[in-house]
């Protein structure tokens, strides 16, 4: 299953995990970066500055309840 791991950039230049949202839409043309960010901002952005929220797409294994992140898993402020 595809999911999106959402992060928040904190004041120190690091980032913190704020949540994971599973993709449930059946129509791939509806899945855009903007629609995913809007969804994350609606769910997680209540007390955060939404310009500091970003996500990565991950694969979620439902049998073993594991999330497989792309390797290597490093995100710098420049990449965002």
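Read-outs throughout are calculated quantities, based only on the coordinates presented, and are distinct from any laboratory measurement. Values in this document were obtained by computation on a predicted structure and should not be read as measured data. Counting neighbours? That spans all protein chains shown, and the Cβs are built from the backbone with ideal geometry, glycine included.
Of 37, 21, 48, all but one fail to be touching a strand residue (DSSP E or B) at 6+ places or on another chain (Cβ under 8 Å) and part of a loop (DSSP other than H, G, I, E, B); the exception is 48.
Sub-6 Å Cβ pairs linking a first residue in the stretch 26-48 that is more than 15 Å from residue 3 (Cα to Cα) to a second residue that is assigned to a helix (DSSP H, G or I), at least 6 apart or interchain, are 41/50, ordered by first then second residue.
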